[in-house]
Amino acid sequence: MNRNKVSFRMIQYELRNVAGNPFVHIFGVGFPILMSIIITKAVASEAPDGINIGEIVTSIFLGFGAIIPLATILMGYSSTCSQDIEKGIPLRMQLFGFSEKYTIINRLIAEFIYMTFAFVIYFIVGINALDIVRPVISGVIIYLICLYVFAAALFILAHAIANLVKKFGLTYMISMLFYFGVMILSGMMGITIDKLPKGVRFISNLLPSTYLNKDIYTVWVGKSYNYVPMLQSYIFFFAISGILVFLMIYRSRRNLH
Amino acid sequence: MLLTINNLNVKYGKTTALNIVTPITIEKGDRIGVIGSNGAGKTTLIKSLLGIVNYTGSIDSTITPADMAVHMQFNEYTDSMAVKHIMEAVLQTRIKKNAKLQELISFFEFETCLNKKYKVLSGGQKQRFTIILVMMQEAPLTFYDEVSSGLDFETRQKLVEKLVSWYKDKEASLCVISHYYEELEQLANKLLILDQGNVIAYGYKDELFKKYCGRAILIIDNNEKNELLTRKYPKLAAPNNLIVLPCNEEEVEAEITTLLIKNNINYKRSNNDIEMIFINAKKEFASGGVINE
């Protein structure tokens, strides 16, 4: 029996693993819906006359979409992965003939399926509860590409953190700090980026979520947009994740006696 | 020949965990009991054969680690789903559609556990769960590392009986690590005795018994009366509470048993006691004996 392949049964298994983590539902589905509705309502009610409410609401709603990969993948995957490592499950699965490579691929697919499910719910609720501005097709495609590429970088980061730390408690703490830190630095927690201190703003500009929060409306409605800073933030983010993965591999080689 | 281990050396940091100098060959159909105190290198041996620790030396094998199945000392699974889903994922099959799997589930009386999560299973159920997964692999070589540790006497007995019965007419080779000698008496035909990373003895159980204990032994309680009564007979190394008398000739055995019966002393006769093989092989090795094949 060939266990080293992308298989429906393993994706199903990994999907059950993802869905078995209650925090993923709370922070990945419930929290973004709640936050986007509360904040958009609050901002819209305080907006001065003449302001385009639709733009503000859509911008906040799209920005909060970035919370979904942060919660489902960064927090969700890193916590279950570290928990598995702590219990020795990856080794057990390896001994059953599952290669690490295919386990990761199956898990990535499962994570993306769950994230897609969370997005569908988020958009169904958002479209029905909020006045979302109608997008252009290219805007939707670019928005989704941005989110899924961000999610891929977060998956790499989560895998590296879990494998470097190896302890569930510490991994969970790091991912929670990262989750709320990114939300604050990306201007999702009430403080806009331009109000942040200069040094902190510099860090903000290195995060893809910052552009998903403040600029994505421009892309959504098909206006012209300079993608260079956003692309740079993605490159930076992948580079950081890559370095951590490199450290992870280096450490695991050193630890193998 | 299934595999041969040559000059295998495993180090954890600066400590040598395992050092096999004389080649060890595992043949098809062998049932090897691996014994030794904690830290003897038993689990390290399995890990080496599975290729999950670095080693020097060579393992010449007709099978790859992927063809080996293993029941590790500690087996954990996710708690986020019922065990039947884990079972179906690991075995890449559906329980409903797999007659062999159904047979194993029924053989191990595991039906009522299928919808439970791994964390709520009892110790015995957890062991049986991994055993089912391992057996379904139908590997030419299967390792059982302390499969019954932590289980109560009755559960342990039942589990070993199941293992013996399952493998009775099968060709698979087994490598069973255990601290319970009575388990190995049922499961193993060969013994590999390890101590502090060294191989003390390896070979067929009965041959090792002859080598270290003789034709047969008589075991009695160690007390002043028995000591006095048997003082003229040679004795083997034994636990402090026992006296072990080797009987290399039938006449000697008859003489001793007559003496014991006359004095109303309880005794046990054995020609395959693994504990005595272990104790005496270890003693001989410590006194400068050589590794045995």
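The values are calculated or read from the model by the stated rules, or taken from the named source; none is laboratory data. Quick caveat, the model's predicted, so the values are computed rather than measured. Because the Cβ atoms are built from the backbone with ideal geometry, glycine has one as well, and the counts that use them run over all protein chains shown. Please note that ligands, DNA and RNA were not included when accessible areas were found on the heavy atoms of the full protein model with its side chains. Shrake-Rupley method; radii C 1.70, N 1.55, O 1.52, S 1.80 Å.
Tally the residues that are open to solvent by 30 Å² or more (accessible area, probe 1.4 Å) and either more than 12 Å from chain A (Cβ to nearest Cβ) or closer than 20 Å to A:GLY97 by Cβ (or both), restricting the search to region B:99-125.
Total satisfying the criteria: 15.
Residues being facing chain A (nearest Cβ under 8 Å) and either open to solvent by 60 Å² or more (accessible area, probe 1.4 Å) or part of a loop (DSSP other than H, G, I, E, B) (or both): count how many of those fall in region B:72-92.
Of the residues in that region, 10 qualify.
Out of all the residues in region A:2-23, is one or more within 14 Å of chain B (Cβ to nearest Cβ), open to solvent by less than 50 Å² (accessible area, probe 1.4 Å), among the charged types (D, E, K, R) and in a helix (DSSP H, G or I)?
yes
Would you mention how many residues in region A:21-40 are without any contact (Cβ under 8 Å) to a residue 24 or more places away in the chain and more than 18 Å from the chain's Cα centre (by Cα)?
The total comes to 1.
Within region B:126-142, can you find the residues that are in contact with a Cys (Cβ under 9 Å, 6 or more places away or on another chain) and either touching a residue at least 60 places away in the same chain (Cβ under 8 Å) or open to solvent by less than 10 Å² (accessible area, probe 1.4 Å) (or both)?
B:PHE129, B:LEU141, B:THR142, listed by residue number.
If I ask for residues that are in a loop (DSSP other than H, G, I, E, B) and of a type in the set (Ser, Thr, Tyr), which ones from region B:146-193 would you list? Give the derivation first.
Within region B:146-193, the subset in a loop (DSSP other than H, G, I, E, B) is B:146-152, B:168-172, B:178-180, B:188-189.
Selection gives B:SER148, B:SER149, B:SER178, B:TYR180.
Tally up the residues in region A:82-102 that are away from every other protein chain (no Cβ under 11 Å) and surrounded by fewer than 20 Cβ atoms within 10 Å (Cβ to Cβ), please.
Going residue by residue through region A:82-102, those that are away from every other protein chain (no Cβ under 11 Å) are A:82, A:100-102.
Restricting the remaining residues to those that are surrounded by fewer than 20 Cβ atoms within 10 Å (Cβ to Cβ) gives A:100-102.
Of the residues in that region, 3 qualify.
What are the pairs with Cβ atoms under 8 angstrom where one residue, in region B:222-233, is at pLDDT 95 or above and the other, located anywhere, is open to solvent by 70 Å² or more (accessible area, probe 1.4 Å)? Sequence gap at least six, or different chains.
Short answer, once both residue conditions are applied: B:ASN222/B:ASN240; B:ASN222/B:ASN241.
Pick out, from region A:71-131, the helices (runs of 4 or more DSSP H) lying fully within it that include 1 or more residues that are acidic (Asp, Glu) and touching a residue at least 60 places away in the same chain (Cβ under 8 Å). Lay out the reasoning, then the answer.
Values: elements: A:78-87, A:89-95, A:100-129.
Output list reads A:78-87, A:100-129.
Out of everything in region B:1-49 that is within 14 Å of chain A (Cβ to nearest Cβ) and small (Gly, Ala, Ser), what residue ends up being nearest to B:GLU171 (Cα to Cα)?
B:SER48
Please enumerate the residues belonging to region B:50-71 that are touching a residue at least 40 places away in the same chain (Cβ under 8 Å), within 12 Å of chain A (Cβ to nearest Cβ) and not in a helix (DSSP H, G or I). Even if it seems obvious, please write down each step before you answer.
Narrowing region B:50-71 to residues touching a residue at least 40 places away in the same chain (Cβ under 8 Å): B:50, B:53-63, B:67-71.
With within 12 Å of chain A (Cβ to nearest Cβ) added as a condition, the list becomes B:50, B:53-56, B:67-71.
Those that are touching a residue at least 40 places away in the same chain (Cβ under 8 Å), within 12 Å of chain A (Cβ to nearest Cβ) and not in a helix (DSSP H, G or I): B:VAL53, B:ASN54, B:TYR55, B:THR56, B:MET68, B:ALA69, B:VAL70, B:HIS71.
Consider region A:47-82. How many of its residues are hydrophobic (A, V, I, L, M, F, W, C) and closer than 24 Å to A:VAL133 by Cα?
In the first step, residues of region A:47-82 are kept if they are hydrophobic (A, V, I, L, M, F, W, C); the result is A:47, A:51, A:53, A:56-57, A:60-62, A:64, A:66-68, A:70-71, A:73-75, A:81.
The next check asks that each one be closer than 24 Å to A:VAL133 by Cα; those that pass are A:47, A:51, A:53, A:56-57, A:60-62, A:64, A:66-68.
Within region A:47-82, residues that are hydrophobic (A, V, I, L, M, F, W, C) and closer than 24 Å to A:VAL133 by Cα number 12.
If we scan region A:30-45, do we find a residue that is outside any helix (DSSP H, G or I) and either within 14 Å of another protein chain (Cβ to nearest Cβ) or in contact with a helix residue (DSSP H, G or I) (Cβ under 9 Å, 6 or more places away or on another chain) (or both)? Steps first, please.
Step one: of region A:30-45, the residues outside any helix (DSSP H, G or I) are none.
No: zero hits.
Kindly provide the set of residues from region B:194-212 that are aromatic (Phe, Trp, Tyr) and in a helix (DSSP H, G or I), ordered by number. Before you say what the answer is, go through the steps one by one.
Of all residues in region B:194-212, those aromatic (Phe, Trp, Tyr) come to B:202, B:204, B:209, B:212.
B:PHE209, B:TYR212 - these are the residues of region B:194-212 that are aromatic (Phe, Trp, Tyr) and in a helix (DSSP H, G or I).
Okay, residues lined up against (1) in a helix (DSSP H, G or I); (2) among the acidic types (Asp, Glu); (3) within 21 Å of B:ASP195 (Cβ to Cβ):
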residue: B:PRO234; (1), (2), (3): no, no, no
residue: B:PRO239; (1), (2), (3): no, no, yes
residue: B:LEU245; (1), (2), (3): no, no, no
residue: B:LEU260; (1), (2), (3): yes, no, no
residue: B:ILE265; (1), (2), (3): no, no, no
residue: B:GLY288; (1), (2), (3): no, no, yes
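Within region A:151-186, how many residues turn out to be buried (at least 22 other Cβ atoms within 10 Å of the Cβ) and either among the polar types (S, T, N, Q) or on the phi > 0 side of the Ramachandran plot (or both)?
3
Show the residue pairs meeting these rules: Cβ distance below 7 Å; 6+ apart or different chains; first residue within region A:216-236 and closer than 20 Å to A:LEU154 by Cα; second residue open to solvent by 50 Å² or more (accessible area, probe 1.4 Å).
Short answer, once both residue conditions are applied: A:PRO229/A:ASN205; A:SER233/A:ASN205; A:TYR234/A:VAL149.
Going residue by residue through region A:200-209, is there one that turns out to be assigned to a helix (DSSP H, G or I) and in contact (Cβ under 8 Å) with a residue 24 or more places away in the chain? Break it down into steps so the answer makes sense when it comes.
Filtering region A:200-209 down to residues assigned to a helix (DSSP H, G or I) leaves A:200-204, A:208-209.
Now narrow it down to the ones that are in contact (Cβ under 8 Å) with a residue 24 or more places away in the chain: A:208-209.
Yes; the residues of region A:200-209 include at least one that is assigned to a helix (DSSP H, G or I) and in contact (Cβ under 8 Å) with a residue 24 or more places away in the chain.
Report yes if some residue within region A:215-228 is assigned to a helix (DSSP H, G or I), open to solvent by 20 Å² or more (accessible area, probe 1.4 Å) and touching a Phe, Trp or Tyr at 6+ places or on another chain (Cβ under 9 Å); otherwise report no.
yes
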